[in-house]
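Step one of this worksheet: look at the structure below.
Values quoted throughout were computed directly from the atomic coordinates according to the rules given, and no laboratory measurement underlies them. Bear in mind the structure is a predicted one, so any value in this text is a computation, not a measurement. Ideal geometry is used to build each Cβ from the backbone, glycine not excepted, and the neighbour counts take in all protein chains shown.
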Amino acid sequence: MAQAPSGEEHVAEREHFYGGQAVIEGVMMRAPDRWAVAVRRASGRVSLLICEQSALARRHRWARWPLLRGNVGLYEALVLGWSSLQASAQMALADVSGQPADKPSGKFVAVVSGVLAAVVGVGLFILLPTWSADWFGGRSLGPVAANAIEGLVRLGVLVAYIAVVGLLPDIRRVFQYHGAEHAAINCFEAGQPVTPDNVMRFSTLHPRCGTSFLLTVIVVKLVVNCFLGWPDLWLRFLLRLAVLPLVAALAYEAIYFAGRHRDSFVARLLALPGMALERLTTRRFTRDQAEVAIYALSAVAEGVALPSDLPPPDPWPSTGMCQSAAGACAAELAPSETSSGGQDNLPPNES
């Protein structure tokens with residue numbers, strides 16, 4: 001697999017950080033002033049949703065401050081990620097049943113699913129590891145050893161969870177689109193024409209991936225937790241929740257450094273564990289999937305044109321997706337914000 005070369009070919013990367021995530025049968029890409037979702041429909045055509053939305057970091061200086069920018073970026077990524085998943089689910093639902101995309105029942109199911117996912121996530125990745133450390137005799141070993149056990153259990157749960165869900169055929173396809181998303185961005189950041197043939201040559205791994213962020217969170221959380229001692233289980237659980245914003249902020253800064261200095265030895269060293277974990281969340285992709293990633297990237301990235309051999313996409317109505325995401329992020333795009341900005345304008349995270 002080709003690697004992004006260094007030198008002047010990184011001009012595209014210095015001008016912007018683009019990111020995104022895999023969705024149901026498609027890819028979401030985001031830029032400082034817009035985001036787009038491209039989905040391969042059952043007919044073989046590609047539907048494209050484009051939403052204008054200015055990142056908070058473009059409008060507020062405080063949103064670019066170190067430590068604060070991590071939580072701002074994480075919040076925006078969660079909102080846009082959820083909105084893009086809903087958009088792709090709407091398209092999939094339209095293919096299967098023709099049910100109206102914005103039915104209230106669908107929104108209710110989405111909210112319930114989100115709450116259940118949050119509860120399961122807290123249980124699996126916070127409560128279970130800290131309880132397991134007690135079970136392994138962590139209290140008698142001292143705070144540092146107990147927190148180390150907790151961190152190892154948390155890492156084991158994460159790896160096992162990804163490995164198990166990756167066995168599901170539908171999730172494997174999501175992981176393929178995840179790989180296509182990374183390869184398209186790698187191709188763009190290498191200064192190469194973003195065509196299906198070129199994208200197919202590039203790696204499915206990227207240092208700004210959200211998978212790397214998760215692993216960094218585990219490491220940072222272990223260090224921070226060592227300063228909290230080893231109190232009783234429920235107090236310990238509440239403290240774990242309370243320090244999450246700090247942990248996320250510190251982890252973000254580490255990923256930010258790796259993204260800004262991806263060619264440096266230190267950054268490459270820091271990125272290695274996360275990129276190793278990415279091998280579980282990405283798969284080699286097909287040419288059709290590479291095309292979908294190109295549709296999404298060309299809709300948001302300056303200087304990326306849709307290749308002439310690809311047919312124009314079918315526009316997909318927002319059905320409230322753009323408005324709901326903009327409302328959650330409080331990011332109404334103003335005319336003065338349409339100029340391109342530097343790489344600080346977009347948090348350097350992608351999934």
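Numbers for the structure displayed
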quantity: Exposure proxy ranking, count of Cβ atoms within 10 Å, fewest first, for W230, W82, W35; calculated: W82, W230, W35
quantity: Neighbour-limited loop hits for GluC sites (Glu not before Pro), the range 239-299 (at most 16 other Cβ within 10 Å; DSSP other than H, G, I, E, B); calculated: none
quantity: Mean shadow area of the range 7-339 over all directions, Cα convex hull, nm²; calculated: 17.8
quantity: Estimated FRET transfer efficiency when R0 is 30 angstrom, pair L167-C226 (beta carbons, to 0.05); calculated: 0.30
quantity: Residue order, fewest to most beta carbons within 10 Å, for S264, S203; calculated: S264, S203
